[in-house]
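Read the structure below first, then the notes.
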Amino acid sequence: MVLDVIPRYYEALGKRDFDGARELLKDDLRFEGPFESFERADDYVTAIQKLFGIVESIEIRHSSADGDQAVVLYDMITSTPAGTQLVCEWYGVEGEQIAWIRAVFDTAPFAFLRAGA
């Protein structure tokens, strides 16, 4: 079941179908990443929409699951000086929805975002 929900989530993001992606998230989604944390799915989706302003595509390199958790490694191809970056996301799924996400990636290539460039 976990490896059913996660691919549907990435498919929606790939189509920039943010409403479709949102349907796969619990309302009280908890997200923790290097730059931001959220406790509401709507806030997270707003941030993802902004992020996708610089994302050209996502290429999944690996995914695996154990019980109600999954890990996905992907290349995030951006239209910025950061270029292509490897991202790891760890997911917790409850039923047919994503309950939490933990993102890990090297923030150094994104320093230009903090500088306001």
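The values are calculated or read from the model by the stated rules, or taken from the named source; none is laboratory data. Computed from a predicted structure; not experimentally measured. Positions of Cβ are backbone-derived with ideal geometry, glycine not excepted, and every protein chain shown enters the neighbour counts.
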Can you list the strands (runs of 3 or more DSSP E) lying wholly within the range 10-117 that have 3 or more residues being within 12 Å of the chain's Cα centre (by Cα), aliphatic (A, V, I, L, M) and modelled with pLDDT of 95 or more?
69-78, 97-105
In the set 82, 47, 70, the lone residue that is closer than 24 Å to residue 110 by Cβ and surrounded by 17 or more Cβ atoms within 10 Å (Cβ to Cβ) is 82
Restricting the first residue to the range 79-108 and requiring it to be within 17 Å of residue 59 (Cβ to Cβ), which pairs with a second residue that is in a strand (DSSP E or B) and among the basic types (Lys, Arg) meet a Cβ separation below 9 Å and a spacing of at least six or different chains?
86/61; 88/102; 89/102
